[in-house]
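Report on the following structure.
The values are calculated or read from the model by the stated rules, or taken from the named source; none is laboratory data. This structure is a prediction, so every number in the text was calculated from the model and none was measured. Cβ coordinates were reconstructed from backbone atoms using ideal geometry, including for glycine residues, and neighbour counts include every protein chain displayed.
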Amino acid sequence: MRNIKIGVLALQGAFIEHEHMLTDLGAVCTEIRQPSDLTGLDGIVLPGGESTVQGQLLHKSGLFTPLRKLISDGLPTLGTCAGLILMAQEISNPVADRTIQEKAAPTAHLGTLPVTVRRNAYGRQLSSFVTEQPIAGIGNYPMIFIRAPYIERTDVNVEILAKVDGNIVAVKYKNQIGLSFHPELSENSNIHEWFLSQCEK
């Protein structure tokens, strides 16, 4: 067992799978549902799900401001799919692609990661697919995409870790790792192992 405690945002989405993988790697996991759950953490995971719903629940639960401060202050954070969207400083969608719900969505949520993300970037026809591509520092990795976003633009200080068909799908910025895909649904735990190593530093 590692002496490391990871908080997994558990308001909505695929948080259980992250917990299982992190626990298997020896970390202690706690579910983040209210501000008091943010104490004593060595890292945070923002899971996939519905980013607009998660953003609304962050405000309703009182988590939004303290969570944003922890990430901005340097707590290691892994955001996958919707979690990436929550961290992005800008959300970009052509108006023609938006549903009524998406038109009412904010252009940013936590806004801690200096990238522009496009939601549901692969469209309805390619809502789910798997591809194996190299990730800088990790090697080939089976990437599982489910109605995934991709990153359209990055700040010059953002490290691009991986692309698929020319689109950015993995980045690192200071303490933050943002992924378009779902590593928690893979049998490969290398990304979670790498994240835990960042939390242990």
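The table that follows gives values for the structure above.
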{"read-out": "Hits in region 34-54 - residues which are buried (at least 16 other Cβ atoms within 10 Å of the Cβ) and farther than 23 Å from Ile144 by Cβ", "value": "Asp37, Leu38, Leu41, Asp42"}
{"read-out": "Hey, Val171 modelled with pLDDT of 95 or more, over 18 Å from Met21 (Cα atoms), among the β-branched types (Val, Ile, Thr) and part of a loop (DSSP other than H, G, I, E, B) or not", "value": "no"}
{"read-out": "Any hit, region 183-194, residues being charged (D, E, K, R) and surrounded by 20 or more Cβ atoms within 10 Å (Cβ to Cβ)", "value": "yes"}
{"read-out": "Matching residues in region 68-90 - criterion: being farther than 14 Å from Lys172 by Cβ and surrounded by fewer than 24 Cβ atoms within 10 Å (Cβ to Cβ)", "value": "Arg68, Lys69, Leu70, Ser72, Asp73, Leu75, Gln89, Glu90"}
